[in-house]
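Notes to accompany the following structure.
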Amino acid sequence: DISEKESIICEVEEECSSTEHPSLPSFLDRWGDFVSTDHPHCVDKNERDCPMKALLNACVKSPDVMLEECPFSCGLCSNYDTEKSQVKTCYGDLQNVNNQGVLEVIRKTQQYMIHQVFVNETYAKIRSSCKNRNVNCSQWAWEGECERNPTYMKKECAPACQTCHWLDIRIRCPFDESSAKERTTWSEPGDLDRFFWSVVRNDTLRTLFSLKVLSGPAEAIEPDGRPGPWVLQLDHFLSAMECERLIDLGHELGFQRSKDIGRIKYDGSTDSYESKSRTSSTAWCTESSVCGKDAIQQKVTQRIEQLVQIPINNSEALQLLRYEENQYYKVHHDYTPLHAGSMAGVRILTVFLYLNDDRLEGGGTNFPSIHNLTVLPNQGRAILWPSVLNDEPGQIDVRTEHQALPVERGVKYAANAWIHQRDFRTPLHMGCGV
Ligand SMILES: O=C(O)CCC(=O)C(=O)O
Ligand SMILES: [Fe+2]
């Protein structure tokens, strides 16, 4: 009986107290889990409105009313299509069924969804996104894939694995920013300036890479420098051979039309979208790719790590860029507030590398709020600038907004290394990346 089931649920759900439970729809009370489509009770009370309401997601938004009023449209009458061997549910793709065991998984999923996910407050945030996102979810769950391949299954087949809570990034990736302070780079006012001064005062860097302070505090700049946020330039930071290798790796990975960080997705991570403000193409040098494993690429990233004195794990994978003639990236900031409060924290520093040879015209990097500073894309050159303020750790420094000017002639190749406040790579592997 339902009240007994609820008390069992309450034992396992810490946050739930029996008084907070909304009453379950009466037809579920009567018919339990697997109501067949032709059952007399499995009809919509309002045949005209129910389908539309269900389409508008009302079944998961207000389950109490809808599961009672519109059981058929909400898909609770699990329609088992014996001919196609598929079951339709209201939480995701049709499910293939090829044996009794899979049907049992679906039956249990149905129980789980209607007795826990649809009615329990702890699921409110992720209720409408908990879906079987593949027709074989139930089949795989029956085969034991939830345990064998949890990274994929717990998100993509959350109903079948009964892991809807896993879609809640706060549960999947518990994180408390205040306790992460000692793991946070530039967490104190003044840390940022101390870092830049240490680079500027490093004689080896100065001579090896003809280090130039393009912008910075008055005491740090040369006569033609800008008095503004730090922008440092290092020439021949990469050899021509290294640049060519990175370009080749980009082509091996395949350059694709660049995307921007978009909205928050169903699992709490961020989406990307094709942006009009950016017409370049990109290739991500992820750790598991040919590029990530390439020895020359690794040497380059180690050099970046030494330069910035921040563990490479705080850095996103190198992002390789390619701009053809007339392609550009309009004024933007590398800081994105979506990262704030995440495990990795915000981007604090950009190291930007120019890879193309000298036949290129145009394609400089322009900083409109730093007296219109434009850096020319010379092969092997690196520039670095902060995205955050020295005095207010983790807060955006709007002055380092920038743009890639259109390429006038030739093809421009470049690379971004974005460095975060904290470890970026470990959370990414745990499914906690943003
Ligand atoms: O290509 C450039 O000069 C700048 C590119 C850039 O700002 C970016 O990719 O975020
Ligand atoms: Fe940028």
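Observations, loosely collected:
- Conditions (1) farther than 21 Å from V300 by Cβ; (2) buried (at least 17 other Cβ atoms within 10 Å of the Cβ); (3) out of contact with any His (no Cβ under 8 Å at 6 or more places or on another chain): number failed by T374: (2)
- The strands (runs of 3 or more DSSP E) falling completely within the range 321-434 that include 3 or more residues that are more than 10 Å from ligand 1 (Cβ to nearest atom) and not polar (S, T, N, Q) map to 347-354, 382-386, 412-420.
- First in the range 332-343 and under 15 Å from T400 (Cβ atoms), second anywhere and outside any loop (DSSP other than H, G, I, E, B) and away from ligand 2 (no atom under 11 Å from the Cβ), Cβ under 6 Å, 6 or more apart: Y335/I396; T336/I261
Okay, residues lined up against (1) without any contact (Cβ under 8 Å) to a residue 40 or more places away in the chain; (2) over 30 Å from P311 (Cβ atoms); (3) assigned by TED's automatic domain parsing to the domain that holds I348:
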site	(1), (2), (3)
N98	no, yes, no
K108	no, yes, no
N149	yes, no, no
V199	no, no, yes
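- Looking only at residues of the range 393-421 that are touching a Pro at 6+ places or on another chain (Cβ under 8 Å) and open to solvent by 40 Å² or more (accessible area, probe 1.4 Å), we find that the one that is farthest from R183 (Cα to Cα) is Q403.
- Boolean, T365 is within 14 Å of ligand 2 (Cβ to nearest atom) and modelled with pLDDT under 95: no
- Residues that are touching a residue at least 12 places away in the same chain (Cβ under 8 Å) and over 24 Å from the mean Cα position of the chain (by Cα), drawn from the range 133-144: V135, N136, S138, Q139, W140, A141, W142
- Test: A240 is of a type in the set (A, V, I, L, M), touching a Pro at 6+ places or on another chain (Cβ under 9 Å) and more than 19 Å from T365 (Cα to Cα): no
- Scan the range 182-194 for residues that are in a helix (DSSP H, G or I) and crowded, with 21+ Cβ neighbours inside 10 Å and the total you get is 1.
- Selection of the range 149-181 for residues being assigned to a helix (DSSP H, G or I), at pLDDT 90 or above and more than 21 Å from L428 (Cβ to Cβ) yields P159, A160, C161, C164, K181.
- In this structure, V346 does not qualify as modelled with pLDDT of 95 or more, among the β-branched types (V, I, T), within 16 Å of ligand 2 (Cβ to nearest atom) and farther than 30 Å from S288 by Cα.
The values are calculated or read from the model by the stated rules, or taken from the named source; none is laboratory data. Nothing here was measured: the structure is a model prediction, and the numbers come from that model. Positions of Cβ are backbone-derived with ideal geometry, glycine not excepted, and every protein chain shown enters the neighbour counts. With ligands, DNA and RNA removed, areas are computed over all heavy atoms of the protein, side chains included. Shrake-Rupley method; radii C 1.70, N 1.55, O 1.52, S 1.80 Å.
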